[in-house]
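Undergrad: Sharing a structure here in structure tokens format.
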Amino acid sequence: GQNIDQPTEMTATEGAIVQINCTYQTSGFNGLFWYQQHAGEAPTFLSYNVLDGLEEKGRFSSFLSRSKGYSYLLLKELQMKDSASYLCAVLSGGYQKVTFGTGTKLQVIP
Amino acid sequence: GAVVSQHPSRVICKSGTSVKIECRSLDFQATTMFWYRQFPKQSLMLMATSNEGSKATYEQGVEKDKFLINHASLTLSTLTVTSAHPEDSSFYICSASEGSGEKLFFGSGTQLSVL
């Protein structure tokens, strides 16, 4: 089976930096996604990590350690519009199955 | 970027009726499509994996006779909720992957309300 854990909620201040962690246990790991989802909308793609290390894309960065089953999403220069749920998802298996974590609801406050 | 079209976006139906939701990949061939449901304030729960031309693979606890999935072509998958009941009310989202599946493209979701 698969087990993906994220904090349920986080609060951060506008302009600050926040790190959202994700730990996972899975067989046949192929990669890890981060998605942003606003309430009532479909998720939007943020990043995809296959190899260990940090990938930076503008204000967002994602890190992966396969040996530790650990990833984090780093958001810099937080804006109010960044208030959303952030979903960690693991790609695994022959059918490229994607399993989502419980999601972290981030609230950005002034 | 690739686009996945899902409709209807919202449907309200009476208990006992069946509802069909369509998911189309508009500019790529989707070898695999996924169907999720999401309850308020919860994450997406994978219901089934649909491969073109073969039977869908359902997750544990998902009734295949209630949630009928058809993936008849490389651009279309349908989810039919049969004999819908109020507890089936949920947000249903499809996603499609192209080729190796490194990137998922999501439909806009369907809010189903069963009265």
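Nothing in this text is a laboratory measurement; each read-out follows from the coordinates by a stated rule. Here the structure is a predicted model, which is why all the values come from computation and not from measurement. FYI the Cβ positions are ideal-geometry reconstructions off the backbone, even for glycines, and counts take in every protein chain you see.
Undergrad: Any chance you could list P(r) for segment B:49-99, counting all Cα-Cα pairs in 5 angstrom bins from zero, rounded to whole %?
TA: Going from the shortest bin to the longest, the percentages are 4, 17, 29, 26, 14, 7, 2, 0.
Undergrad: A further question on this structure: Which whole-Hz couplings ³J(HN,Hα) result when phi for each residue of segment B:30-40 is put into the Karplus expression 6.51 cos²θ - 1.76 cosθ + 1.60, θ = phi - 60°, listed in order with x for Gly and Pro?
TA: After applying 6.51 cos²θ - 1.76 cosθ + 1.60, I find 9, 5, 9, 10, 10, 10, 10, 10, 9, 8, x Hz.
Undergrad: Compute the normalised compactness of the protein assembly as shown: alpha-carbon radius of gyration over 2.2 N^0.38 Å, N being the residue count.
TA: Expressed relative to 2.2 N^0.38 Å, the Cα Rg reads 1.02.
Undergrad: If you plug each phi of segment A:85-90 into the Karplus form 6.51 cos²θ - 1.76 cosθ + 1.60 with θ = phi - 60°, what whole-Hz ³J(HN,Hα) values come out, in order, with x for Gly and Pro?
TA: Per-residue couplings from phi come out as 8, 10, 10, 8, 9, 10 Hz.
Undergrad: Moving to a separate point now. So in the protein assembly as shown, what percent of DSSP beta bridges are antiparallel if you round to the nearest 5?
TA: Of the beta bridges lying entirely in the protein assembly as shown, close to 90 percent run antiparallel.
Undergrad: Any idea how far apart B:HIS85 and B:LYS14 come out in nm if each label point goes 7 Å out from Cα toward Cβ?
TA: Inter-label distance under the simple model: 1.9 nm.
Undergrad: On to the next question. Report the relative contact order of chain A, percent, no decimals, based on alpha-carbon pairs under 8 angstrom and at least 6 residues apart. Spell out each step's value before the answer.
TA: Values: 282 pairs, mean separation 40.8, N = 110.
Over chain A, the number comes to 37 percent.
Undergrad: Taking the Cα centre as origin and putting +1 on Lys and Arg beta-carbons and -1 on Asp and Glu beta-carbons, what dipole magnitude results for the protein assembly as shown, to the nearest 20 debye?
TA: Details: 18 positive and 19 negative charges, 52 e Å.
For the protein assembly as shown, the charge dipole is close to 240 debye.
Undergrad: Further, regarding this structure: So what is the relative contact order of segment B:13-53, in percent, for Cα pairs below 8 Å that sit 6 or more residues apart?
TA: After rounding, I find 32 percent.
Undergrad: Compute the separation of the alpha-carbon centres of segment B:1-65 and segment A:2-73 and state it in Å as a whole number.
TA: One Cα centre to the other: 24 Å.
Undergrad: Please compute, for peptide B:37-46, the average count of beta-carbon atoms on other protein chains lying within 10 Å of each residue's beta-carbon.
TA: That works out to 5 on average.
Undergrad: A further question follows. When all alpha-carbon pairs of segment A:22-110 are counted, what percent fall beyond 18 Å? Before the final figure, lay out the partial values.
TA: Numbers: 1660 of 3916 pairs.
Tail of P(r) above 18 Å: 42 percent of Cα pairs.
Undergrad: Here is a further query. Report, in listed order, any pair from A:LYS81/B:LYS14; B:LYS41/B:LYS66; A:LYS68/B:LYS64; A:LYS68/B:LYS41; A:LYS57/A:LYS97 with a Cα-Cα distance greater than 30 Å.
TA: In this structure, A:LYS81/B:LYS14; A:LYS68/B:LYS64 exceed 30 Å between Cα atoms.
Undergrad: Please pull out the direction-averaged projected area of segment A:58-98, using the convex hull of its alpha-carbon atoms, in nm² to one decimal place.
TA: Numbers: hull surface 16.0 nm².
Averaged projected area of segment A:58-98's Cα convex hull equals 4.0 nm².
Undergrad: State, to one decimal in nm, how far the label point of A:LYS76 lies from the label point of A:PHE45, with both points 7 Å from Cα in the Cβ direction.
TA: A separation of 2.3 nm, rounded to one decimal place.
Undergrad: When B:MET47, B:MET33, A:MET80 are ordered from fewest to most other Cβ atoms inside 10 Å of their Cβ, what list results?
TA: So the residues, fewest neighbours to most, are A:MET80, B:MET47, B:MET33.
Undergrad: Which value, in debye to the nearest 20, gives the size of the charge dipole of chain B about its Cα centre, when Lys and Arg are +1 and Asp and Glu are -1 at the Cβ?
TA: 280 debye
Undergrad: Viscosity 1.567 mPa s, temperature 4 °C: give me the Stokes-Einstein translational D for chain B in µm²/s, with Rh taken as the Kirkwood radius over C-alpha pairs.
TA: So the translational diffusion coefficient is about 93 µm²/s.
Undergrad: Which ³J(HN,Hα) values, rounded to whole Hz and listed in residue order, are derived for segment B:7-18 from phi using the Karplus coefficients 6.51, -1.76 and 1.60 in 6.51 cos²θ - 1.76 cosθ + 1.60 with θ = phi - 60°, glycine and proline given as x?
TA: Listing the rounded values in order: 8, x, 7, 8, 9, 10, 9, 7, 4, x, 8, 10 Hz.
Undergrad: Please state the relative contact order of segment B:50-115 as a whole percent: Cα pairs under 8 Å, 6+ residues apart?
TA: On the way: 86 pairs, mean separation 16.2, N = 66.
Relative contact order for segment B:50-115 comes out at 24 percent.
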